[in-house]
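A short worksheet on the structure shown next.
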Amino acid sequence: MYKKILNIFLIVLVFIYIIFEELIWEKFAKPIITLISSLQLFQNLIPRILALNSYFILIFFVSIFVIVELIGIYAGILFISGHVISAIFIYVLKIPIAAFIFWFFNIVKPKLLEFRWFEFIYNYIILIISKIKNSSIYIMIKEKAYMLKKSLKEKIFSTRSVLKSKLISIYKLLKQKYKF
């Protein structure tokens, strides 16, 4: 019984992790980080950031990171309490800040890893992520999610799709009505 409950709990955690990895990271945060990295303003900031004191970098990073996580926790509380729209809105507002802090982390990572306790926590988190990604539950859920995604794409975007033809007709109607 204990093992069954643990497996269900792990499946839920892995499923949540995959959703966040696929939706939040790949679709939203990664493009924002790419945009930030390409902007000249941020390119000019890199030498100045690297010239900062390691303790200042640590305090800045940890402060922003904690704020971002608290926003996420608050969004989770709102979601659980039934305020789904508010929770989604607040969580979406968190994404650009989180993307900035990931960009910042990638720049200052060597300085942050000078702190032994930070290096220990970082390596431990990387180890946990690696264990999750190599677990049989993760692989199983990832494969099923891939098959579901593939199936949905085939059904929605196939040339014979009823949904596709309805969307096209609605688009044409709106375009004609509002003369886009």
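The values are calculated or read from the model by the stated rules, or taken from the named source; none is laboratory data. Please read these numbers as outputs of a predicted model, since none were measured by experiment. Here Cβ is always computed from backbone atoms with ideal geometry, including for glycine, and neighbour counts include all displayed protein chains. What goes into the accessible areas is simple: the full protein's heavy atoms, side chains included, and nothing from ligands, DNA or RNA. Shrake-Rupley method; radii C 1.70, N 1.55, O 1.52, S 1.80 Å.
Subtract the Cα-Cα distance of Leu174 and Tyr124 from 0.36 nm times their separation in residues, and report this length gain in nm to one decimal.
Value of the extension gain: 12.7 nm.
Using a 1.4 Å probe on the protein chains only, how many percent of the accessible area of segment 42-174 belongs to carbon and sulfur?
73
Compute the distance in nm between two label points, each set 7 Å from the Cα along the Cα-to-Cβ direction, one at Leu167 and one at Leu45.
3.5
How much area per residue is accessible in segment 49-169 when the probe is 1.4 Å and only protein heavy atoms are counted (Å²)?
71
Could you calculate the contour length gain from Ser38 to Glu154, that is, 0.36 nm times the residue separation minus the distance between their Cα atoms, to one decimal place in nm? Please list the in-between numbers first.
Numbers: separation 116, 0.36 × 116 = 41.76 nm, distance 3.45 nm.
Length gained, Ser38 through Glu154: 38.3 nm.
What full-extension length gain, to one decimal in nm, is calculated for Ile73 and Glu143 as 0.36 nm per residue of separation minus the Cα-Cα distance?
Net length gain for the segment: 22.3 nm.
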